[in-house]
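Scroll down for the structure; my scribbles are underneath it.
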Amino acid sequence: MAGSHVTRPIFDGIPRVGELIFYVLAAATTLIFGYGVWRRVAKYRRGRPAGRGRHIREALLSRPTRGVRTRADRGSVGVVATNVTIGRRARAVGIAHFGVFWGFLALFAGTVILTIDFDLLRNISKHTVGHEVSFFHDWFYKIYKVVLNSFAIGAVIGLGYLMVRRGMRKPFRLDYRRAQHPEQGYSRRQFVIGDWLFAGGLFTILATGLLEEGFRIRGARFPGFEGWSWVGWLIGKISSGLGMSASVARHAHHVTWWVHAVLALAFVAYIPYSKAMHMLADGVNLLAHDRTATLRLPDPQPDPTHAGYVSIADFTWKELLDLDACTKCGRCHEVCPARTGGAPLSPRDLILDLRQWVDVSSGGLAVLDRETRPGPSGPTAPAEGTPLAGGVIPAETLWSCTTCMACVETCPVGIEHVGTIVQLRRSLVESGNMDPTLQTALQNLAGQGNSFGKSARMRARWTKALDFKIKDARTEPVKYLWYVGDYASYDDRLAENSRLLAGLLIRAGVDFGILYEDEWNSGNDVRRVGEEGLFELLVEHNVEVLANAQFEEIFTTDPHTLNALRNEYPTRGAIHKVWHYTELLAHLLETGALSVDPLNLKVTYHDPCYLGRYNRVTEAPRRVLAALGCELVEMPRNRDNTFCCGAGGGRIWMDDSRLSERPAANRIKEAATLDVSHFVVSCPKDMTMYSDAAKTTGHDATLTVLDIVRLVDLALRRPAQPVAEPAGAPA
Ligand code: SF4
Ligand code: SF4
């Protein structure tokens, strides 16, 4: 009941008129906040359905989804609550953000509890039972205080760390310099001001809340039970130690109370118009996040009048929410191989440009969250009629993407950049806005089923040099169907690797066959280029061939093909178990089907994006290396944090001569610092990219690039040769 002295008076020392002013301000805040949220929601409602209802339901129930490895692959309440995505590869930032996140939530909950007690329970009870009923006293008060003080100080420390890091250490990822513009032509000062207003405002609110409590306790001469408000108690003791009298403390309490209250209300009103919006958007975005949506790209937008995205209505609500969820943390900017190589693409800038375009063209109300031209001008809005793909977002930016997925993997708030990029590419493809070399590759694929433009009959020419015949899976039953892929079939430099693998499998007694001229390109990269019609054509052919072949499981040499067969084909009726050849080799070595002698080589291994990051096949190649007795020295960027060779997403068919540094060269330089003799790959495209890069960077004399199958062949225990008797040996 009210009346216990183990509590604190609400509006302690604030006159009645002050209380009234507070309630008027609170009502105005609620209206401004509500209007801002309504505007945002109205914007998302302009987008198409995203088909994420089931994901959100599963995420809310924290139910792991079948086929998904971690809960971060598809968001969950646990991911949001633990801030695990923020702490990934940035532990200190994760811990600090965890403190701020939970501190803010706890203080918000504390305010709600107080509102329920003071504004509802006490008022209602006064008018119904004739006296005030309250639970905000005694043991409840003590627990409330100790909990909120602890959360508040956690938030202050966390936010303090983040501010010092941003202001003093100035990490590259938080530098707002654009990837595709020189120094002039734009100004991002508003971003910087907005960041500091957000962080500084929140810090001041937290600090004044604690100070206000400390002065109140000092003003009340330290009642014993206030020891539960341990941070406030400490502040009170310090202020007392510094000579602050009780009456001065009471004045200081009133001042800090008002500063705290007005700032807190202003901050709430500011949330939906500023960077603070991420506090609302990110939780929902993470719950709706589906990493597997990048593995299996979204279908084209359904409007038959155009391909790809041309207006806001083409975006799904999730894609529009993605734009608002971006905190500008710059992690994607840092890891992007295109940006690293000097291409005019940064996934962060792409998201921010789209956000600004959507905001300006929908009459948004963003405050201090826009790029401007230098000088006293407005946001850098594109001229009326500027096309989205090829205008607002330059074609060169979109074509620079290797679809390596590093941005999606690293983004702590579940933004799915690659799907949006491909939707914009579809628009470029429709208007024919592409590299001539890419156009040729697509014509070859349409005409011959391969990007080399060679006849389908030549696909299995590499088998001619074998001294055995590989079974034809179209006509005879086999356990494994080997989907060889274009590069391992047609590129003469890689054919020997294919022959070695075939020989190893025969030696291990594996029952396998190939599709000969009926194997066509799987279409993985065609889809990522944005040529949806051609992708469907290739899939239709391949699915039919697979349906008529006789096999139990598939393995492939090409990680891009593996991705298509594992993730894209099942939705088109071809549901099969699909392995990478390293998984098969690991099994053969570990079961003794292949016997090897230790190589004792010091090697490093490169994870292909479509294998290591997309499909999380990271351990099988390492198991092979371990079975071969190799000492594996990891590059700093490994497994799902691998660095792209630059060939994915159709980039292998495009001109890369304008890059300041090819991603493959960057990677070879990384490996060259490790004191290893071999750079091991498990993707035919990697073999091409890295052999060239080793030569162009001058590391080919010290670093041998080779496919993992070559190492297995090298280590193979050959049948013992008869040893010649030394001349003159005794009989
Ligand atoms: S997919 Fe890779 S290349 Fe494309 S934007 Fe993301 S990080 Fe950059
Ligand atoms: S897209 Fe994600 S990773 Fe990139 S800056 Fe925004 S929040 Fe950070």
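The values are calculated or read from the model by the stated rules, or taken from the named source; none is laboratory data. Because the structure is predicted, anything quoted here is derived from the model rather than measured. So basically every Cβ, Gly included, is an ideal-geometry build from the backbone, and we count neighbours across all protein chains shown. Note: areas computed on protein heavy atoms with side chains; ligands, DNA, RNA excluded. Shrake-Rupley method; radii C 1.70, N 1.55, O 1.52, S 1.80 Å.
Placing +1 on each Lys and Arg Cβ and -1 on each Asp and Glu Cβ, with no other charges, gives the chain a dipole about its Cα centre of roughly 2140 debye.
Under the simplified labelling scheme, the LEU25-ARG169 pair shows an inter-label distance of 3.5 nm, with each label point 7 Å from Cα along Cα→Cβ. In debye, nearest 20: dipole of region 182-276 around its Cα centre with unit charges on the Cβ of K, R (+) and D, E (-)? That gives a dipole near 160 debye. Between helix 684-696 and the chain there is an angle of about 90 degrees, using the helix long axis and the longest principal axis of the Cα atoms. Proximity of backbone amide H atoms, modeled 1.01 Å from N, is registered between VAL596 and ARG717 at under 5 Å, excluding neighbours fewer than 5 places apart on the same chain.
Along its three principal directions, the equivalent ellipsoid of region 381-437 from the Cα gyration tensor extends over semi-axes of 22, 15, 9 Å, largest first. Note on LYS43: lysines with a C-alpha under 21 Å away, same-chain residues under 8 apart excluded, are LYS275, LYS318, LYS328. Please compute the Cα-Cα pair-distance distribution of the chain with 10 Å bins starting at 0, giving whole percents from short to long. Per 10 Å bin, starting at zero, the Cα-Cα P(r) for the chain comes out as 3, 12, 20, 21, 16, 11, 8, 5, 2, 1, 0, 0, 0 percent.
Packing order of peptides 50-58, 24-32, highest average first: 50-58, 24-32 (average count of other Cβ atoms within 10 Å over each peptide's residues). Working from the Cα coordinates of region 1-142, the gyration tensor eigenvalues give, after taking √(5λ), semi-axes of 40, 22, 17 Å in decreasing order. Taking all protein chains into account, the per residue accessible area for the chain stands at 43 Å² (1.4 Å probe).
Only one residue of TRP520, LEU428, GLN439 has its Cα farthest out toward the positive end of the dipole of region 426-561, where Lys and Arg carry +1 and Asp and Glu -1 on Cβ, and that residue is TRP520. 3J(HN,Hα) along region 643-658: 10, 5, 7, x, 9, x, x, x, 4, 5, 9, 10, 6, 10, 6, 8 Hz, from the Karplus curve 6.51 cos²θ - 1.76 cosθ + 1.60 with θ = phi - 60°, whole Hz, x for Gly and Pro.
For LYS669, the aspartates and glutamates whose Cα comes closer than 16 Å to its Cα, not counting residues fewer than 8 places off in the same chain, are ASP607, GLU634, GLU661, ASP686, ASP692, ASP700. Calculate, for SER660 and TRP258, the FRET efficiency according to 1/(1 + (r/R0)^6) with r their C-beta to C-beta distance and R0 51 Å; round to the nearest 0.05. With R0 = 51 Å, the Cβ-Cβ based efficiency is 0.40. Derived from the Cα gyration tensor, the three semi-axes of the equivalent ellipsoid of region 100-149 are 25, 12, 4 Å, largest first.
The residues packed around THR305, meaning those with a beta-carbon under 12 Å from its beta-carbon, carry a net charge of -3 if Lys and Arg are +1 and Asp and Glu are -1. Please say if region 285-425 is rounded, prolate or oblate, where rounded means a/c under 1.5 for a ≥ b ≥ c the square roots of the C-alpha gyration tensor eigenvalues, and otherwise the choice is prolate for a/b larger than b/c and oblate otherwise? Rounded, because the longest to shortest axis ratio a/c is under 1.5.
When the Debye formula is applied to the Cα atoms of region 554-712, each taken as the same point scatterer, what base-10 log of I(q)/I(0) results at q = 0.10, 0.11, 0.14, 0.15 Å⁻¹? Debye output, listed in q order: -0.36, -0.44, -0.70, -0.80. Quick one: with all protein chains in place, what share of the accessible area of the chain is carbon or sulfur, to the nearest percent (1.4 Å probe)? With neighbouring chains kept in place, the figure for the chain is 61 percent.
Considering only PHE118, THR204, GLY214, the residue lying farthest towards the positive end of the dipole of region 85-239 is THR204, judged by Cα position with unit charges set on Cβ.
Rounded to 0.05, the FRET efficiency of the LYS695 and LYS454 pair, given R0 = 22 Å and the Cβ-Cβ distance, is 0.30.
Ranking TYR176, VAL164, HIS131 by Cα position along the charge dipole of region 115-180, where only Lys, Arg, Asp and Glu carry charges on their C-beta atoms, puts TYR176 farthest toward the positive end. With each label modelled as a point 7 angstrom along the Cα→C-beta vector, the ALA266-ASN433 pair spans 4.3 nm. Under 28 Å of direct C-alpha separation, and excluding same-chain neighbours fewer than eight residues apart, LYS454 reaches these lysines: LYS464, LYS469, LYS471, LYS685, LYS695. How would region 446-520 be classified by its alpha-carbon gyration tensor: rounded, prolate or oblate, with rounded meaning a/c under 1.5 and the a/b versus b/c comparison settling the rest? Oblate.
Can you tell me the 0 to 90 degree angle between the C-alpha axis of helix 91-115 and the longest principal axis of the chain, rounded to 10? With both axes taken from Cα atoms, the answer is about 40 degrees.
Judged by a Cβ-Cβ distance under 4.7 Å, the unpaired cysteines of the chain are CYS326, CYS329, CYS336, CYS401, CYS411, CYS630, CYS645, CYS683.
Label-to-label distance, SER125 versus GLU476, with points set 7 angstrom from Cα along the beta-carbon direction: 8.8 nm. Over all projection directions, the Cα-based convex hull of region 498-595 averages an area of 6.5 nm². Net length available on complete extension from LEU114 to TRP139 is 7.5 nm, with 0.36 nm assigned per residue and the Cα-Cα distance removed. Between THR704 and HIS678, PHE679, the built amide H atoms are under 5 Å apart, and every one of these is 5 or more places off in sequence or on another chain. With the cut-off at under 20 Å, measuring from each backbone N in region 1-36 to a point 7 Å along the Cα-to-Cβ line of VAL146 picks out 5-8.
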